[in-house]
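Notes follow once the structure below has been shown.
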Amino acid sequence: MTIINPGTGEVDDLDFVPLDLAGLDESELLAMFPTPVQCAGALLIARHHIASAPAVIAARSKALKDAKRALIVARGYAMQRAEGRTAEIRKAIAESDSDVISAWEHIDTCELALEYARERRKSLSEDIEILRSLNANFRGEHQ
């Protein structure tokens, strides 16, 4: 599996973990574990990413609020264009207007982006807890 490192732009290759762990010898099992330096580095990177999470979430929340306001405006213009009909027909025409549909799609996109940012923050928090535990265990083993 190949991934792109967002910090450096370099392409990194990842190896899959074998499912038959019982069939591995001790040296193969030890080769799968990160070194203390790798754990410390991963912890620093995760802390750096989670530090920017509040700003990202705030920006995506603002984008969602702006998208909802744009929907209200698009509905208003669509209702004006549908004048001369009953309120029920104007509402139906307004909801099928291309600008209103586009505004709904933009809201959906903003909601997904916000949810992704929240899930990313949550997963980073979990990763940090795991890395802290690994670092604490490594410190005890290498003293």
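The values are calculated or read from the model by the stated rules, or taken from the named source; none is laboratory data. Everything numeric in this text was worked out from a predicted model, so none of it was measured. Glycine gets a Cβ as well: all are built from the backbone with ideal geometry, and neighbour counts include every protein chain shown. Heavy atoms of the whole protein, side chains included, go into the accessibility calculation; ligands, DNA and RNA do not. Shrake-Rupley method; radii C 1.70, N 1.55, O 1.52, S 1.80 Å.
Out of D127, D108, which single residue is over 30 Å from A40 (Cβ atoms) and in a helix (DSSP H, G or I)? Outline the logic, then answer.
Working: D127 fails: over 30 Å from A40 (Cβ atoms).
The match here is D108.
Hey, could you check region 122-143 for residues that are closer than 24 Å to I57 by Cα and open to solvent by less than 60 Å² (accessible area, probe 1.4 Å) and say which is modelled with the lowest pLDDT?
We begin by selecting, within region 122-143, every residue closer than 24 Å to I57 by Cα; these are 122-131.
When the remaining residues are screened for being open to solvent by less than 60 Å² (accessible area, probe 1.4 Å), the result is 123-125, 128, 131.
On the way: S123: 91, L124: 91, S125: 92, I128: 91, L131: 88.
So, considering only residues that are closer than 24 Å to I57 by Cα and open to solvent by less than 60 Å² (accessible area, probe 1.4 Å), the one modelled with the lowest pLDDT is L131.
Looking only at region 13-32, which residues are at pLDDT below 75 and not in a helix (DSSP H, G or I)?
D13, L14, D15, F16, V17, P18, L19, D20
When you go through (1) over 16 Å from the mean Cα position of the chain (by Cα); (2) open to solvent by less than 70 Å² (accessible area, probe 1.4 Å); (3) over 30 Å from S133 (Cα atoms) one by one for P36, which number turns out not to apply?
Answer for P36: the failing condition is (3).
I need every pair where a residue in region 35-58 that is more than 26 Å from C110 (Cα to Cα) has its Cβ under 6 Å from the Cβ of a residue that is open to solvent by less than 60 Å² (accessible area, probe 1.4 Å) and modelled with pLDDT of 85 or more, sequence separation at least 6 or different chains.
What qualifies is C39/L131; A42/L131; L43/L131.
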